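Reading through the structure tokens given below for one structure.
The values are calculated or read from the model by the stated rules, or taken from the named source; none is laboratory data. These figures come from a predicted structure and were not determined experimentally. Glycine also receives a Cβ, built like all others from the backbone with ideal geometry; neighbour counts cover every protein chain displayed. Surface accessibility is based on the protein's heavy atoms, side chains included, excluding ligands, DNA and RNA. Shrake-Rupley method; radii C 1.70, N 1.55, O 1.52, S 1.80 Å.
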Amino acid sequence: MPVRIKLPAKAKTSVPSASFIRFRRGLAIAIAVIVVAAVSVLGFFYAKYANLADVKLAQGPFPKSSMLYGAPQVVGIGDLGTPLQFAGRLRETGYAEDVRANALGWFHLRTDAIEIFPGPDAYTSGQPGVIRFENGKIISIVDLSDNSDRTEFTLEPALLSSMYDKNRQKRRLVRYEDIPPVLVHALISAEDKRFFQHSGFDPIRVVKAVVDDVTRHKYFEGASTLTQQLARSLWLDNRKTFGRKFAELMITIHLEQRLTKEKILEYYANEVDLGRRGSFAIRGFGEAAKAYFGKDIRQLDLPESATLAGLIQEPSFRNPVRWPERARKRRDVVLRMMLDNGYITKGQYDAALEVPVVVAKQGIESADAPYFVDLVNERLADQFEDKDFSDSESRIYTTLDPDLQRDAADAVASGMKEVEEILARRHKKSGDPLEDPQVALICLDPHTGEVKALIGGKNYGMSQLNHVSAKRPSGSVFKPFVYATALNTGLWDHPNPITPSTIVADEPQTFTFDGQDYAPVDFHKEWKGDVTLRQAFAESLNVPAVEVAQTAGYAAVADLAHKAGLTEIRATPAEALGAYDVTPMQIAGAYTAFANAGVMVQPRLVSKVVDKSHQIIWSSKPETKKILDPRVNYLMVSMMQQVLRTGTGARVWSYGFNLPAAGKTGTSHDAWFAGFTSKLLCVVWVGLDDYQDLKVEGAHAALPVWAEFMVRAHKHRAYRDVTDFAIPDGVVSAQIDAASGLLATSACPKVQTEFYLLGTQPVQFCPLHPGGSTEIAGWGDNPTPSPAGGSNVPVQPARLNPDPSAQAQAQNQQPPNQPPPQKKPSLLDKFKSIFKNR
């Protein structure tokens, strides 16, 4: 039987009103408009920040600032080293191992050799070569282009700094492949443990950070991923505003879309702030590994990796140089995170906890020469007024030798200890305030003018005043210009030419100049009476120096000084004692004349500038000027050698320095020493910034620094083969009596060899010790009888005899007219000169 189902009647439906329909439609349109507007706005800002990010990514981790490099280093057969050591040096300069696409160059490491292949961006377009080692030394160098043997190979210059970086940032570019896994694990454990899983944001970490910070009533932070941190460091500031966080969000999204995780980590590793060492800010793990541990990034071990990862939060507060215990505490936290994340075992964790935080002894303060970098910046700014090196990607190759720069820093640290001990003893004895002495050192090649090392102060971080360029009274380091002016009188037919054996009086004297009296004093306790010019100079006697200056002419001395670049010297008696201001840089330039046969060479800091297309846009050449006759110059150098043999610089030998050298001590308010070998010239200044008297002689304050540096510097291959100073034609020698300055007889108790300009040597025999035989100046080993005891001709020592015309010229402060040098004497002239006054 069919079942009937009764359906309910249809309910009446209400028809929406026209107003409601219009409202709903308007709401939908409004929502759509809002969505479209929001999408448009987001799209606009995304495009804006994506474009900003792309521009930065295209530039790479480094800014466009020009880069500053040291001088290239030349190695040769016999040099010490191993393949691993050379590999480290090449990595420091930017070479890559077995990466042929590297523009700077690449190398291949072998057990007993290293193959080096310079790239298109290398300093030189040199051919590839292989360097072989045995027993820690280079035994052969082969040119791989033609398999020919070579004796030398030029290594790439080391990076010093970027130009015009006000924060003085140091970076060392690394690739992801260079970062050891242990450092990657330490980094993500400390900063973003789900880095390889999330898409730029870590929701779990955000929630945890919010909960933690709300309970602690602090503004939440610490939830940023590595990608967010990279976005912030590359493009944004650290302001905690909505606008900055929104920009960070846009850039983070774009970075995750544009780059792989490995590439993001690579950028982060090159950009992260890791504190300071010395005067430089450390950016990136590559530079931090070198600055703090003296290692290539690939060589970092577990404790070192955890230490660097721990620096990311508060790098200044946990700087391992200043705060090793703080760094260790944070390191141990990172190690625990690595253990919890399964990256290390319990045994590795326990062993790493026992390792102390030890930073490399040698920091970047010395090797990167901050005062030198400042000088280069200033010189280039003056020379290239229209060029912006901060945005040119140029390469600036300087003259700095990193090996000598390290030697200079070590010598300053060692030598200044002696000065500080002297001041400490004086302070303890007198109770006066303890002074803090400052120092400057400049070393250059006297033949080319290339500045090889430069220290402008004890600590760049404490004071940026570059004492190499600071003006101070020169003291006795100026005296060589006084004595050289006097020796110039032997170049022409002077009635009384001054020679190294001319007798001067070391006794109280008053000199009258411009209507005023001038009475110099000496620091020695007893007056020495009659002495030769050589002795007066070697012992730095003051009264004889003024007498020599007066005789030669004050104006003539000032004129020679001005030619040598010492522009503030005035023609007065005080010039003889170094009363006028000079800078260590000026003294170094002026002394190149003595070290370079009378030819002065201007100091220079930059060798060449190369643009981003690898074209040389500027290169430097030695700027020379002859200021002394080579014969006069040799006499002066010989007298400066005496300073180191028996004079005020004789204690140099106690520091182990035993090379042929010449120099001069100086004491004013400050302490000086300037000296040179055939290879290097070095000037050291020590003094107080408040311009007070240091009250320490140059021989005890500046000389120790100079000696320490020169001992170290001449061990390097390029400066090892020091030679004696060559005697030029026109200079002769004679055996003289040290007391009279005249030709010695066999009866003279103290005989010494003296040098003269040909024709100015003495022809009279010593009247103080008659008898016996002697040798005549300029005639080799031919013995002649001594003068007859009954000679009626009175013989007097060759005393300094001021020329009235020279004195008159000095009073008028006008340089004398120097007659042209005589022609070289003939054999007959030599013979006549021997018997001239007999």
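Only one entry in R258, R336, R330 is open to solvent by 40 Å² or more (accessible area, probe 1.4 Å), more than 28 Å from L84 (Cα to Cα) and either free of Cβ contacts under 8 Å to residues at least 60 places away in the same chain or not charged (D, E, K, R) (or both), namely R336.
Residues that are over 12 Å from P315 (Cβ atoms), open to solvent by 30 Å² or more (accessible area, probe 1.4 Å), modelled with pLDDT of 85 or more and of a type in the set (D, E): does the stretch 262-269 have at least one? Checked the stretch 262-269: at least one residue is over 12 Å from P315 (Cβ atoms), open to solvent by 30 Å² or more (accessible area, probe 1.4 Å), modelled with pLDDT of 85 or more and of a type in the set (D, E). E575 fulfils the conditions (1) modelled with pLDDT under 95; (2) open to solvent by less than 40 Å² (accessible area, probe 1.4 Å); (3) acidic (D, E) except for a single criterion, (1). For the stretch 670-719, filtering for residues that are farther than 23 Å from Q586 by Cβ, of a type in the set (K, R) and in contact (Cβ under 8 Å) with a residue 12 or more places away in the chain leaves 3. From the list G675, G647, G589, the one residue that fits, being part of a strand (DSSP E or B) and crowded, with 20+ Cβ neighbours inside 10 Å, is G675. In the stretch 471-487, of all residues being in a helix (DSSP H, G or I) and touching a Phe, Trp or Tyr at 6+ places or on another chain (Cβ under 7 Å), the one that is modelled with the lowest pLDDT corresponds to G475.
The strands (runs of 3 or more DSSP E) found wholly in the stretch 119-181 and carrying at least 2 residues that are farther than 18 Å from D296 by Cβ and either within 30 Å of the chain's Cα centre (by Cα) or modelled with pLDDT under 90 (or both) occupy 129-134, 137-143, 152-155, 159-162. Return the residues of the stretch 515-545 that are farther than 12 Å from T648 by Cα, open to solvent by less than 10 Å² (accessible area, probe 1.4 Å), among the aliphatic types (A, V, I, L, M) and more than 35 Å from the chain's Cα centre (by Cα); say none if nothing qualifies. Residues satisfying the conditions are V531, L533, V543. Screening M585 on (1) within 30 Å of D737 (Cβ to Cβ); (2) in contact with a Pro (Cβ under 7 Å, 6 or more places away or on another chain) shows it passes everything except condition (1).
In the stretch 718-754, which residues are open to solvent by 50 Å² or more (accessible area, probe 1.4 Å) and touching a Phe, Trp or Tyr at 6+ places or on another chain (Cβ under 7 Å)? Listed by number, the residues that qualify are I727, S733. On the stretch given as the stretch 70-87, residues that are β-branched (V, I, T) and out of contact with any Ser or Thr (no Cβ under 7 Å at 6 or more places or on another chain) total 2. Among the residues of the stretch 346-372, those identified as assigned to a helix (DSSP H, G or I) and at pLDDT 90 or above are K346, G347, Q348, Y349, D350, A351, A352, L353, Y371, F372.
Of all positions in the stretch 365-386, none carries a residue that is closer than 15 Å to H185 by Cβ and of a type in the set (A, V, I, L, M). Quick check on the stretch 643-658. Is at least one of its residues touching a Cys at 6+ places or on another chain (Cβ under 7 Å) and either of a type in the set (S, T, Y) or over 20 Å from A484 (Cα atoms) (or both)? Within the stretch 643-658 (the criterion being touching a Cys at 6+ places or on another chain (Cβ under 7 Å) and either of a type in the set (S, T, Y) or over 20 Å from A484 (Cα atoms) (or both)), the answer is no, since none of the residues qualifies.
Take the stretch 704-717 and flag every residue that is surrounded by fewer than 24 Cβ atoms within 10 Å (Cβ to Cβ) and outside any loop (DSSP other than H, G, I, E, B).
Of everything in the stretch 704-717, those that are surrounded by fewer than 24 Cβ atoms within 10 Å (Cβ to Cβ) and outside any loop (DSSP other than H, G, I, E, B) turn out to be V711, R712, R717.
Here E177, E152 are screened, and the one residue that is open to solvent by 40 Å² or more (accessible area, probe 1.4 Å), of a type in the set (D, E, K, R) and more than 20 Å from D401 (Cα to Cα) is E177. Kindly indicate whether D581 is at pLDDT 95 or above, under 23 Å from L681 (Cα atoms) and either of a type in the set (V, I, T) or under 33 Å from the mean Cα position of the chain (by Cα) (or both). Yes, satisfied. Residues in the stretch 499-514 that are among the hydroxyl-bearing types (S, T, Y), part of a loop (DSSP other than H, G, I, E, B) and open to solvent by 60 Å² or more (accessible area, probe 1.4 Å): T510 only. Taking the criterion of being more than 22 Å from S638 (Cα to Cα) and outside any strand (DSSP E or B), the residues of the stretch 678-703 that qualify are L688, D689, D690, Y691, Q692, D693, L694, K695, V696, E697, H700, A701. Looking across N459, N496, one residue alone is open to solvent by 10 Å² or more (accessible area, probe 1.4 Å), within 21 Å of P762 (Cβ to Cβ), in a loop (DSSP other than H, G, I, E, B) and not aromatic (F, W, Y). It is N496. A Cβ distance below 9 Å, combined with a sequence gap of six or more or placement on separate chains, defines the contacts here; from the stretch 740-753, residues that are over 19 Å from M639 (Cβ atoms) and in contact (Cβ under 8 Å) with a residue 40 or more places away in the chain reach residues that are open to solvent by 60 Å² or more (accessible area, probe 1.4 Å) and assigned to a loop (DSSP other than H, G, I, E, B) in the pairs T745/P770. Taken over the stretch 651-677, residues that are in contact with a Pro (Cβ under 8 Å, 6 or more places away or on another chain), of a type in the set (D, E, K, R) and more than 17 Å from M639 (Cβ to Cβ) amount to 1. The set of residues in the stretch 522-544 that are assigned to a helix (DSSP H, G or I), among the hydrophobic types (A, V, I, L, M, F, W, C) and closer than 15 Å to G647 by Cα comprises L533, A536, F537, A538.
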